[in-house]
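What follows is one structure encoded as structure tokens, with my remarks underneath.
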Amino acid sequence: MDLIRRLNQIEADILLLVGDTSTADDDQLESALEKIEFSGPRLFLCGNHELWTRRADSHDLFVNELPKRVQALGWHWLEENPYVGKGVSVIGSVGWYDYSYAPAYLGVPHRFYEAKISPGAAQHLGLDHLVGPDLTPESLSIFARWNDGKNVKLGRSDEVFLEERLVGLRESLSRVPSDHRIVAAVHHVPFSGLLPPRHTPAWDFARAYLGSERIGELLLSDHRITHVFCGHSHFPIEKKIGQLHGINVGSGYRLKRFWIGHI
Ligand SMILES: [Fe+2]
């Protein structure tokens with residue numbers, strides 16, 4: 001509530017939410033968005049948390065239900081739907097991950113990243129189909145789970161979902177007038193330079209799920225893009241990346257953050 005109260009006191013041209021506003025099974029999303037009093041364009045991106053559901057299908061939530069619910073509240077659904085302003089446009093996507101940020105030093109085989117559980121946790125839970133002779137003592141000492149594994153049901157692999165998001169971003173770029181400057185927003189981290197520093201092995205296991213440089217490569221290829229915003233990793237960083245100004249807002253579970261500035 002404190003963040004929303006502070007947001008409501010700010011005068012700005014555009015308000016952009018970069019994801020993880022709320023889960024979406026109940027009306028928490030509506031109750032959060034309704035408290036935001038901003039008279040200009042309000043742009044909404046999903047995070048992975050909006051796709052957490054007790055239902056059978058997160059993908060249907062993502063492509064059919066959430067866009068309608070967000071638009072019914074007067075917000076602009078940004079995924080595959082660019083916001084075209086006066087000389088400046090905004091594109092965006094939830095992005096996703098393909099485990100490419102997983103640190104090699106952990107020695108964790110790919111199947112554990114797909115299952116979203118570390119070798120130590122899999123052994124502890126008796127998941128014998130995962131545990132095998134290829135595991136090192138170091139990897140078996142890692143205890144971690146990525147909760148998208150329990151709560152997100154996409155009906156396709158993470159790599160395929162990421163590929164679909166990249167197609168959507170390319171399509172969004174093609175719909176922006178050629179003389180516009182573009183601000184891009186992606187919930188997951190599109191550049192390794194916007195990741196948090198290395199941490200413990202359990203935290204580093206989770207780097208697999210923070211994003212993908214493939215998103216950044218796409219954004220760098222369009223020279224109309226001047227700014228890229230992301231979130232998801234709970235660690236704020238601003239960095240020049242090629243011609244881009246990269247900003248990881250860094251909002252977390254306890255400490256909420258926003259970024260305000262001229263672009
Ligand atoms: Fe997230």
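So, residue 37, is that one surrounded by 14 or more Cβ atoms within 10 Å (Cβ to Cβ), more than 30 Å from residue 179 (Cβ to Cβ) and out of contact with any strand residue (DSSP E or B) (no Cβ under 9 Å at 6 or more places or on another chain) or not? No, not satisfied. Would segment 149-164 turn up any residue that is more than 26 Å from residue 51 (Cβ to Cβ), of a type in the set (Gly, Ala, Ser) and surrounded by fewer than 13 Cβ atoms within 10 Å (Cβ to Cβ)? No. Residues in segment 182-205 that are out of contact with any strand residue (DSSP E or B) (no Cβ under 8 Å at 6 or more places or on another chain) and surrounded by 21 or more Cβ atoms within 10 Å (Cβ to Cβ): 1 in all. Residue 51 meets each of the listed conditions (1) in contact with an Asp or Glu (Cβ under 9 Å, 6 or more places away or on another chain); (2) of a type in the set (A, V, I, L, M, F, W, C); (3) closer than 21 Å to residue 230 by Cβ; (4) more than 16 Å from the ligand (Cβ to nearest atom) apart from (4).
Take the conditions closer than 19 Å to residue 163 by Cα and not charged (D, E, K, R) and apply them to residue 260. Does it pass? Break it down stepwise before answering.
Numbers: closer than 19 Å to residue 163 by Cα: no; not charged (D, E, K, R): yes.
Answer is no for this residue.
Here residue 108 clears all of (1) more than 16 Å from the ligand (Cβ to nearest atom); (2) surrounded by fewer than 20 Cβ atoms within 10 Å (Cβ to Cβ) except the condition numbered (2). Every condition in (1) touching a residue at least 24 places away in the same chain (Cβ under 8 Å); (2) surrounded by fewer than 14 Cβ atoms within 10 Å (Cβ to Cβ); (3) out of contact with any Leu (no Cβ under 8 Å at 6 or more places or on another chain) is met by residue 49 except one, and the failing one is (2).
Here is a yes/no grid of residues against (1) of a type outside the set (A, V, I, L, M); (2) more than 16 Å from the ligand (Cβ to nearest atom):
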position: 215; (1), (2): no, no
position: 220; (1), (2): no, yes
position: 234; (1), (2): yes, no
position: 243; (1), (2): yes, yes
position: 248; (1), (2): yes, no
position: 251; (1), (2): yes, no
position: 255; (1), (2): no, no
position: 260; (1), (2): no, yes
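Applying the condition of being under 14 Å from the mean Cα position of the chain (by Cα) and at pLDDT 95 or above to segment 21-45 and asking which residue is nearest to the ligand (Cβ to nearest atom) yields 45. Of all the criteria given as (1) under 29 Å from residue 108 (Cβ atoms); (2) surrounded by 20 or more Cβ atoms within 10 Å (Cβ to Cβ); (3) in contact with a Lys or Arg (Cβ under 6 Å, 6 or more places away or on another chain), the one not satisfied by residue 215 is (3).
The values are calculated or read from the model by the stated rules, or taken from the named source; none is laboratory data. If you're wondering where the values come from, they're calculated on a predicted model, not measured in any experiment. Don't worry about glycine lacking a Cβ; one is built from the backbone with ideal geometry, like all the others, and counts go over all protein chains shown.
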